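Undergrad: First the structure, which I've put down as structure tokens, then a few questions once you've had a look.
The values are calculated or read from the model by the stated rules, or taken from the named source; none is laboratory data. All values derive from a computational prediction rather than experimental measurement. Here the Cβ positions follow ideal geometry from the backbone for every residue, glycine too, while neighbour counts run over all protein chains shown. For the accessible areas, the whole protein counts, side chains as well, though only heavy atoms, and no ligand, DNA or RNA atoms are used. Shrake-Rupley method; radii C 1.70, N 1.55, O 1.52, S 1.80 Å.
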Amino acid sequence: MKTSVIGFPRVGSLRELKFATERYFRSEITEEELCDTARAIRIDAWKKQKASGIDLIPSGDFSFYDGVLDTAFLFDLIPDRYRQLDVSVLDKYFAAAHGYQGEKGDVKALAMKKWFNTNYHYIVPEIEDDAHMKLVGTKPLDEFSEAKNEGIITKPVICGPFTFLNLARFVGSKDRNDYMDEAASVYTALIKKFGDLGAEWVQFDEPYLVRDLSTDDISFFEGLYKKILSGKGNVKILLQTYFGDIRDIYDAVAALPFNGIGLDFVEGRKTADLIMKNGFPEDRKLFAGVVNGKNIWRNHYDSTLKILKSLKDAGIDTVISTSCSLLHVPYTLENESRLSEGIARHFAYAYEKLDELRELKGLSEGADDEALDRNRRIFDGNRYQADEAVIKRVKSIKEEDYTRKPLFEEREKIQKAEFSLPVFPTTTIGSFPQTKDVKANRTGLSKGTVTEEQYEKFNREKIKRCIRFQEEIGLDVLVHGEYERNDMVEYFGANLEGYLFTEKAWVQSYGTRCVKPPLIWGDVSRKKPITVEWSVYAQSLTDKPVKGMLTGPVTILNWSFPREDISLKEQTQQIALAIRDEVLDLESNGIRIIQIDEAALREKLPLRKSDWYTEYLDWAIPAFKLVHSGVKPSTQIHTHMCYSEFTDIIPAIDNMDADVITFEASRSDLMILDSLKENNFRTEVGPGVYDIHSPRVPSVDEIVEALKKMTEKVDVHKLWVNPDCGLKTRGEAEAERSLNNLVKAASVMRSRYETD
Ligand code: GLN
Ligand code: ZN
């Protein structure tokens, strides 16, 4: 039996790549120096996996920004506006990833979307009509050779053509069918090159197969792979799927001559069933994804061994694998000095998961009983003390606790009178730039070099400046700037009972941005107010309304590593009650507008439509309502989402019963607005008018144009003006210029609107 890893984290165990890339962006290091850092990270990852006894080690899973974008560049699918830039290939790549504004031009980034049901984001390739797929890049080949030079024959990993073409945006009149032949031929050419270099296996990642598939999808898949597999020569092809089961296409996949099929036993509810009922083709290897690539709890060996044994009994030639790329978990517990041994032993990050793979291999071959004993001891006994009060409070939630009164329409009138805001009211999403001094202040506090008093004083000074600035440029609804928060979820995790802190448990979210999801360890509750003091202070500095800023329960859950011993629903209810207490405290302390961010609401939406409501929305939306149903009619509830793809769940979003929703819109077309109209969306909306993921400063005209388009589709009395998301990752100067332009654009719109 062998072991395989689908993909490995790549930002470096101490985020070395992130820091190097950011320095490169600031021109503090050269391209060569950046590449040196990247190479060191790759080699480290291979050696680590080798030393841990992994048989099939991935290569090509490294990326400077994103693997889907790498694939576009590999095959020359580079939109003209980036190709035209007179800069190096790497800089064209970065321009496509996060925009370019400088001497050589001014281009926006490509759109970015969440990668299936994760908090990782991929860059959406754009395919123009005159684009042709050509194998022009060498990145995965170079990386294979690099590993080979280190004495390691890796398994190259590549984003498969089916997933790639389905995720790409065709900006002209062509569609995926127009690229079937070209795709088949470039992928075949790539396989051949890998073969020439000495690769035994090549892994084609096709997570798109776990979604609902139409008969068209299936025949497109078959068409593509018949061609590719007929030209694969001696190279073995592994079709790797993850994030669910492949029930719609299992038989078609089994009928194709893949050498290996990778299936997810963790999120794939039907995977085991499919294999047992439909059978598994002989002379193929099953790569069984049994070690969870997404959560950080220890693998329960007894359960896993049962699965492996049933596969063996069915005569299936099995490779033990992770359930998905380990990209979605942090590097190693070795970096966690603050978790006690008694607690840490319950967890496995990427490095520790490598050990699990090896131990499971040993155990299924009848060796290593000591590992089994050790594993059993972890799961024996009570892990923690249950909080009976929390459990009781959840049980006593009543139906009416989910409903806010009065109805939306009535509240809207009351609130218009309460706030008398102009048309096109302006606001931001909450955070202001997290400059070096802001971060240093926070780190100082946790290290003990900054006293509690100094910490507060510094933040108050920041808040004061932030409020002054917003007043000066003329924003209507202000924020305090969120200087006390490292991250919208980790901050709440750190202040709630039942959560654990980590130090270095970073996970890549997009490009150079990493998040540190907190761990839910026990029952969650709030012991004392969390944000009230900061918000009250900010409000004391101005007559304009200052929004209280909270993160919603679904997002807190989705961006934490959840427990596996109770349901997600119950964990979310516990969090919702805690945040509800905070909402009511803000209100009773004079905060009249409260934003409850649900940036990640869509993230865990099941990948199959048939599961959307029953498995998720039926408890996720009520959890949000539970948070705000207790406020007065005049208190305005905002919510925010980091994307605009909710066309398909518009009724559910409207049912959250918020008063205003802001969302990302500048990088996507505004089709969402048509759908809002068609669905009689009643919640007021603030579609973001500029992209905050990029340092680019939008002009006044550009924002006016965006707003004009919006007014064609949204009732002006329901329209808000705001950026796409919080400004924490931006520099101060660019954020200030952008906001200035935003306010100016709103006033241009007001004067037009008033003279019309
Ligand atoms: N209020 C948060 C902020 O502005 C929202 C962040 C987010 O949606 N990701 O930072
Ligand atoms: Zn956001």
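Every residue, every condition in (1) surrounded by fewer than 20 Cβ atoms within 10 Å (Cβ to Cβ); (2) at pLDDT below 95, yes or no:
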site: ILE473; (1), (2): yes, no
site: VAL489; (1), (2): no, yes
site: GLY493; (1), (2): no, yes
site: ASP523; (1), (2): no, no
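Undergrad: So if I check each of TYR455, TYR402, which one is among the aromatic types (Phe, Trp, Tyr), in contact with a Leu (Cβ under 8 Å, 6 or more places away or on another chain) and either within 16 Å of ligand 1 (Cβ to nearest atom) or open to solvent by 30 Å² or more (accessible area, probe 1.4 Å) (or both)?
TA: Details: TYR455 fails: either within 16 Å of ligand 1 (Cβ to nearest atom) or open to solvent by 30 Å² or more (accessible area, probe 1.4 Å) (or both).
Checking each option against the conditions leaves just TYR402.
Undergrad: Also, I was wondering about something else. Quick check: is even one residue across region 572-592 open to solvent by 40 Å² or more (accessible area, probe 1.4 Å), within 13 Å of ligand 1 (Cβ to nearest atom) and not in a strand (DSSP E or B)?
TA: no
Undergrad: Scanning region 698-738 for residues that are away from ligand 2 (no atom under 16 Å from the Cβ) and assigned to a loop (DSSP other than H, G, I, E, B), which turns out surrounded by the fewest Cβ atoms within 10 Å (Cβ to Cβ)?
TA: So the residue we want is GLU712.
Undergrad: Given the criteria within 16 Å of ligand 1 (Cβ to nearest atom) and either touching a residue at least 24 places away in the same chain (Cβ under 8 Å) or within 20 Å of the chain's Cα centre (by Cα) (or both), does ILE661 qualify?
TA: Working: within 16 Å of ligand 1 (Cβ to nearest atom): yes; either touching a residue at least 24 places away in the same chain (Cβ under 8 Å) or within 20 Å of the chain's Cα centre (by Cα) (or both): yes.
Yes.
Undergrad: With respect to THR427, is the statement that it is within 16 Å of ligand 1 (Cβ to nearest atom) and of a type outside the set (Phe, Trp, Tyr) true? Walk me through how you get there before you give the answer.
TA: Values: within 16 Å of ligand 1 (Cβ to nearest atom): yes; of a type outside the set (Phe, Trp, Tyr): yes.
For THR427, the condition - within 16 Å of ligand 1 (Cβ to nearest atom) and of a type outside the set (Phe, Trp, Tyr) - is met.
Undergrad: Further question: Only residues that are touching a residue at least 40 places away in the same chain (Cβ under 8 Å) and either open to solvent by 10 Å² or more (accessible area, probe 1.4 Å) or assigned to a strand (DSSP E or B) (or both): list them for region 47-57, please. Even if it seems obvious, please write down each step before you answer.
TA: Just the residues of region 47-57 that are touching a residue at least 40 places away in the same chain (Cβ under 8 Å), to begin with: 47-50, 52-57.
Passing the criteria: LYS47, LYS48, LYS50, GLY53, ASP55, LEU56.
Undergrad: Now for a separate question. Can you give me the ranges of the helices (runs of 4 or more DSSP H) entirely in region 58-129 with at least 3 residues that are closer than 27 Å to TYR208 by Cα and either open to solvent by 30 Å² or more (accessible area, probe 1.4 Å) or touching a residue at least 40 places away in the same chain (Cβ under 8 Å) (or both)? Before the answer, list the steps.
TA: Working: elements: 67-74, 80-83, 89-98.
Answer list for region 58-129: 67-74, 89-98.
Undergrad: Which number in (1) closer than 24 Å to ASN740 by Cβ; (2) out of contact with any strand residue (DSSP E or B) (no Cβ under 7 Å at 6 or more places or on another chain); (3) buried (at least 16 other Cβ atoms within 10 Å of the Cβ) marks the one condition that ILE467 misses?
TA: Evaluating ILE467 over (1) closer than 24 Å to ASN740 by Cβ; (2) out of contact with any strand residue (DSSP E or B) (no Cβ under 7 Å at 6 or more places or on another chain); (3) buried (at least 16 other Cβ atoms within 10 Å of the Cβ) leaves (2) as the failure.
Undergrad: Does at least one position in region 661-679 carry a residue that is charged (D, E, K, R) and closer than 23 Å to LYS405 by Cα? Give the steps one after another, and end with the answer.
TA: Taking region 661-679 as the starting set, the residues that turn out to be charged (D, E, K, R) are 664, 667, 669, 674, 677-678.
Add one more test, that the residue is closer than 23 Å to LYS405 by Cα, and what stays is none.
Checked against the condition, which is being charged (D, E, K, R) and closer than 23 Å to LYS405 by Cα, region 661-679 yields no hits at all.
Undergrad: What are the pairs, 6+ residues apart or on separate chains, where a residue within region 521-538 that is under 20 Å from ILE575 (Cβ atoms) has its Cβ under 7 Å from a residue that is assigned to a loop (DSSP other than H, G, I, E, B) and of a type in the set (Val, Ile, Thr)?
TA: From residues that are under 20 Å from ILE575 (Cβ atoms), the pairs are SER535/ILE591.
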